[in-house]
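The values are calculated or read from the model by the stated rules, or taken from the named source; none is laboratory data. All values reported here derive from a predicted model rather than from experimental measurement. Note that each Cβ is placed from the backbone with ideal geometry, even for glycine, and that neighbours are counted across all protein chains shown. Side chains are part of the model used for accessible areas, which takes the heavy atoms of the whole protein and leaves out ligands, DNA and RNA. Shrake-Rupley method; radii C 1.70, N 1.55, O 1.52, S 1.80 Å.
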Amino acid sequence: MNNPFQTPQGNFRGHARQTVWTEAPDPELTEVGPGTPCGEYLRRYWMPVAMTDQVGDLPYRIRILGEDLILFREKGEGKLGLTHLHCCHRNMSLEFGIVEEGGIRCSYHGWKYGLDGTILETPCEPPASQVKNRTCLGAYPVIEFKGLAFAYLGPPETMPPFPVMDTFDEEGDEMLPYLITSPCNWLQVMENAWDPFHVVYLHTLAVRTQFIDAFAEMPMIEFHESQTGDFYTNVRRVDDIVWVRVHDHMLPSFTQNGGHFPVPDGSRYFGRCGLSRWITPVDDTTTMVIAWRHFRDGDDPRGLTDKSKVGFGMTDFYGQDPDRDYEQRQRDPGDYDAWVSQGPINVHARENLGFTDRGVAKARRLLRDATRSVKAGNPAPQPTDSFDGVIPTYGGDTMLRIPVQEGRDDGAVLKEISKEIAAIYMSGDHLQGQERREFITERLKEYEASWQ
């Protein structure tokens, strides 16, 4: 019998590429536990750690930055407390503690702790005992704001003011919190927002339009530096509309993007964000996305949003969680599948970055520089360093009616427009609230008119 199979022809290099699988993750950016360079850097910022409706009348066990903690609401003024998991007496878990007025009591021997971890009572000790003066329970400050609990896990002497962005309290804006957990390292979730080009393919061309058809147009991306961090302008032309979509990025993990279902069919001036989002590491291989979805009149002309789907473990736009069965995720993958399938901790040495990855490369470079700076004893830069009050942000959508300019390369025109709009946005940084919005809107209208 003759062998019916032909030897496959081609430049197969699987065996030669085996060496890439011996590479290890980048510990400087991916390890987040106590004492690690990145972990100590992240601890210099306020970050959301839970949705407040997760906290009932019992202690709520959570894990943040590799630490096991208890979040509870004391019964006096209803303030939130965040402490280490184990009682500092005999290490019984305080998830079985008794929540009381002003603090929490261990159910083993009755030691009671205040919100700052101070030992208030040791009922089984003799009256002369000094043990409560010699130690304390580890605890962290908590701020409750619009359905989210924010904590600061760093040294008290470096605790910054809580950063209040201008998108956190806008008239006519309903903000709904959500929290979704992913089984992977925080960095690969965070970097997704620095990668605007994936929207073209993953969300539009790969299988179907997951958001809007206009996202299929390859955007022109420009990165800009502000007093609080970075933002990028993402510009496309849709007929005679130039659509500039702006994303905020503040280290270590805060982002804001434009609306989820905009329709670029007319002028729109300084539309604001559809999402304010943080990436909070649970540990090296587990991550929480904690965010507010913004709902405003006019942001969703086609009625595609659904407030009832925003909450614990879910949100109202596609592909952010594992709510689909495996076959559907294979046939129509989303963001969650992109970052989780990189593995528990992505190995950067196996990647081959290109021009469209310059946002990801920049994010890693900024994080590495900041991590090393904190390790050297320097303070972590904060968005509150430049602003005492409400912090101006830029995330959202502007759409200007600017026809194709005869005799001019449209790519050059779009690049010029994106830079000018970024400058207009930043020119209002000295103003706040409605005054800033009106100032930027008027300047955008004047700029649009200059092209007619």
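A few points about this structure:
- Restricting attention to segment 1-32, the residues that are more than 30 Å from M165 (Cβ to Cβ) and open to solvent by less than 40 Å² (accessible area, probe 1.4 Å) total 1.
- Looking only at residues of segment 363-420 that are of a type outside the set (K, R), in a helix (DSSP H, G or I) and in contact with a helix residue (DSSP H, G or I) (Cβ under 9 Å, 6 or more places away or on another chain), we find that the one that is nearest to D166 (Cα to Cα) is E420.
- Leading residue by the ranking (surrounded by the fewest Cβ atoms within 10 Å (Cβ to Cβ)) among those in segment 276-307 that are in contact with a Lys or Arg (Cβ under 9 Å, 6 or more places away or on another chain) and among the aliphatic types (A, V, I, L, M): V282
- Any hit, segment 352-359, residues being more than 25 Å from L205 (Cβ to Cβ) and not aliphatic (A, V, I, L, M): no
- Residues satisfying the stated conditions in segment 138-155, i.e. under 20 Å from V32 (Cβ atoms) and open to solvent by 40 Å² or more (accessible area, probe 1.4 Å): P141
Yes or no, residue by residue, for (1) of a type outside the set (A, V, I, L, M, F, W, C); (2) part of a helix (DSSP H, G or I); (3) within 22 Å of the chain's Cα centre (by Cα):
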| position | (1), (2), (3) |
| --- | --- |
| T181 | yes, no, yes |
| A193 | no, yes, yes |
| V199 | no, yes, yes |
| L202 | no, yes, yes |
| T209 | yes, no, no |
| A214 | no, yes, no |
| M218 | no, no, no |
| H224 | yes, no, yes |
| Q227 | yes, no, yes |
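- Scanning segment 33-46 turns up no residue that is open to solvent by 50 Å² or more (accessible area, probe 1.4 Å), assigned to a strand (DSSP E or B) and in contact with an Asp or Glu (Cβ under 8 Å, 6 or more places away or on another chain).
- Scanning segment 422-452 for residues that are surrounded by 13 or more Cβ atoms within 10 Å (Cβ to Cβ) and under 17 Å from V238 (Cα atoms) yields E448, W451.
- Residue satisfying all of: in segment 89-132; part of a loop (DSSP other than H, G, I, E, B) and free of Cβ contacts under 8 Å to residues at least 12 places away in the same chain; nearest to I62 (Cα to Cα) among these: N91
- Any chance T135 is over 15 Å from the mean Cα position of the chain (by Cα), open to solvent by less than 70 Å² (accessible area, probe 1.4 Å), more than 30 Å from V310 (Cα to Cα) and touching a residue at least 40 places away in the same chain (Cβ under 8 Å): yes
- Top-ranked residue in segment 204-236 [being without any contact (Cβ under 8 Å) to a residue 24 or more places away in the chain and under 26 Å from Y318 (Cα atoms); ranked as surrounded by the most Cβ atoms within 10 Å (Cβ to Cβ)]: F215
- Out of I70, I62, one residue alone is within 17 Å of D283 (Cβ to Cβ), open to solvent by less than 10 Å² (accessible area, probe 1.4 Å) and in contact (Cβ under 8 Å) with a residue 12 or more places away in the chain. It is I70.
- Taking (1) touching a strand residue (DSSP E or B) at 6+ places or on another chain (Cβ under 7 Å); (2) open to solvent by less than 20 Å² (accessible area, probe 1.4 Å); (3) over 14 Å from G229 (Cα atoms) in turn, T393 satisfies each apart from (3).
- For segment 257-271, taking the residues that are in a strand (DSSP E or B) and touching an Asp or Glu at 6+ places or on another chain (Cβ under 7 Å), the one that is nearest to Y45 (Cα to Cα) is identified as G271.
- Residue in segment 237-252 that is part of a helix (DSSP H, G or I), open to solvent by 40 Å² or more (accessible area, probe 1.4 Å) and hydrophobic (A, V, I, L, M, F, W, C) present: no
- Checking each residue in segment 330-355 for being open to solvent by 60 Å² or more (accessible area, probe 1.4 Å) and not small (G, A, S) picks out Q330, R331, Q342, P344, R350, N352, L353, F355.
- Per-region count, segment 138-152, residues in contact with a helix residue (DSSP H, G or I) (Cβ under 8 Å, 6 or more places away or on another chain), assigned to a strand (DSSP E or B) and either more than 28 Å from G311 (Cβ to Cβ) or of a type outside the set (A, V, I, L, M, F, W, C) (or both): 1
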